[in-house]
1. Given region 162-271, what strands (runs of 3 or more DSSP E) lie entirely inside it while holding 2 or more residues that are in contact with a helix residue (DSSP H, G or I) (Cβ under 6 Å, 6 or more places away or on another chain) and either outside the structural domain of residue 80 (by TED's automatic domain parsing) or surrounded by 15 or more Cβ atoms within 10 Å (Cβ to Cβ) (or both)?
2. As an exercise: evaluate residue 303 against (1) over 20 Å from residue 79 (Cβ atoms); (2) surrounded by fewer than 24 Cβ atoms within 10 Å (Cβ to Cβ); (3) in contact with a strand residue (DSSP E or B) (Cβ under 8 Å, 6 or more places away or on another chain) and give the number of the one condition it does not meet.
3. Does residue 110 satisfy the condition of being over 27 Å from residue 282 (Cα atoms) and not in a loop (DSSP other than H, G, I, E, B)?
4. Is it the case that residue 225 is within 13 Å of residue 146 (Cβ to Cβ), touching a strand residue (DSSP E or B) at 6+ places or on another chain (Cβ under 7 Å) and in contact (Cβ under 8 Å) with a residue 60 or more places away in the chain?
5. Taking residue 98 as the residue in question, decide whether it is out of contact with any helix residue (DSSP H, G or I) (no Cβ under 8 Å at 6 or more places or on another chain), at negative phi and assigned to a helix (DSSP H, G or I).
6. Can you give me the number of residues within region 15-60 that are crowded, with 18+ Cβ neighbours inside 10 Å and in a helix (DSSP H, G or I)?
7. Out of the residues in region 136-148 that are part of a loop (DSSP other than H, G, I, E, B) and at pLDDT 95 or above, which is nearest to residue 268 (Cα to Cα)?
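The values are calculated or read from the model by the stated rules, or taken from the named source; none is laboratory data. No experiment lies behind these values; they were computed from the predicted model shown. All Cβ positions, even for glycine, are placed from backbone atoms using ideal geometry, and neighbour counts span all protein chains on display.
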C-alpha cells in the first residue's frame, strides 16, 4: 500500500549510485526501485523525498532530489548497524492538502513500526503533514524547528511555508504540547509574534545565543518528537544558497551539530529538511546534515530516569512553594527535572521528566525557577 504512492528511484540515479565506492553509503542502503520494494524492518531509518514546493513562493523546480541523494550516497558511514532504506519520492497531490495527507499516512505507518522517517522537502509547510502523522499515536507532540522565523505569518501575501505553525496551532485535533524555535533572528519576526511565543509558553532561542553555545540546544532536542530544519536558517556563505541571499545564519558546523543533537535524542521519531534550492552546492551540506543525524542516532543511549533509577543521582532542591527534583545520569552526565502530576489538570497524564542542563540545577540552588520548567508547568495547566 505504502509503495503504491511512492515514486521509486530512477534507473539513471541507481546507475550513478552503483559507481560509488564499495564502502560508501550507496552500497549499504536498500532502495525502492522500479523492480523491487524493500521489506522494512523495525528500528530502522527511512528516507523519503517530497517533490512539492508549492508552499513557498520560489520558482525552484523539484523534479527530483538526485543531487542530494548522490552526494549523500558518496559519503562513508560511521560504525553504523541500523538498516537504512530509501523509499523514493512523494509526488505533489492535486492540492497541497493531498500532499499533507500522503505524508501523514506514510509517516504514521513508519513511526508505529519504530522506523524513523527522514523527509526531504519541499517547502517547510510539509512539516504540517509530519505533525499530523502523530494524530492516532495517543501522545502530545513536541516540535522543534531550526528556523530564522516563527512562521506565524497570516498576512495577505504570506505563503504556506511562512504560516504553517499557525495552522498547527489552530487545526484540530490539537496534539501540540510544545514548540521550540532554534535560531530565530529578531528582525525577521514581528513583536506580536515574539509576544505570542511567550503567551503560549513556547521556547525560542536567538541565533546569537545558539551560535555562542550550541550545547544549550541539546536538552531542547532531547525532548523533541519532531524536528524540522529550514535550510534558510543557514547563512549563504555556508550553504551556497544565494536566492534569497542570507547574510546571517548558522554555519555548516553548527547546523550539523544541531542535526546530531536531533539524532542522539532518544525521543525524536521524525526528522525533516526543507526550503532548500536543490543545487549541487547546497546538496553537499544537506548530505552532511543527513549524515550527522544518522550518526547521532547510532549514539542513542536509551537512558531515561524512569522505572529503575540505579544509574541516576537524584537531587532535591527545596524551594519556597515546593521541592524541585532533578536527576543526573551517571553514564552521560545529562540532567532531567521532574514536572509533578496534577490530578485536576494535566495534559501529560503522569509525572514527566523534562530534559534540562546542569545550569538549570545550579540556578535552582540559588532559588531561581528554571525557565523551561516554569513554561512546561504553565502549558500543562492551560
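1. Values: elements: 176-184, 203-206, 226-230.
Hits in region 162-271: 176-184, 226-230.
2. For residue 303, the failing item is (1).
3. On the way: over 27 Å from residue 282 (Cα atoms): yes; not in a loop (DSSP other than H, G, I, E, B): yes.
Yes; evaluated as a whole, the condition is true for this residue.
4. Numbers: within 13 Å of residue 146 (Cβ to Cβ): no; touching a strand residue (DSSP E or B) at 6+ places or on another chain (Cβ under 7 Å): yes; in contact (Cβ under 8 Å) with a residue 60 or more places away in the chain: yes.
Answer is no for this residue.
5. Numbers: out of contact with any helix residue (DSSP H, G or I) (no Cβ under 8 Å at 6 or more places or on another chain): yes; at negative phi: yes; assigned to a helix (DSSP H, G or I): yes.
Taking the combined requirement at face value, the residue satisfies it.
6. 3
7. Let us first name the residues in region 136-148 that are part of a loop (DSSP other than H, G, I, E, B), namely 136-140, 147-148.
From what is left, the residues that are at pLDDT 95 or above are 147-148.
Details: 147: 18, 148: 21 Å.
The residue in question is 147.
So that you can scan it fast, the table gives a plain yes or no per residue for (1) buried (at least 20 other Cβ atoms within 10 Å of the Cβ); (2) assigned by TED's automatic domain parsing to the domain that holds residue 159; (3) more than 20 Å from residue 286 (Cβ to Cβ):
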residue	(1), (2), (3)
78	no, yes, no
81	no, yes, yes
87	yes, yes, no
93	no, yes, yes
96	no, yes, yes
128	yes, yes, yes
133	yes, yes, yes
136	no, yes, yes
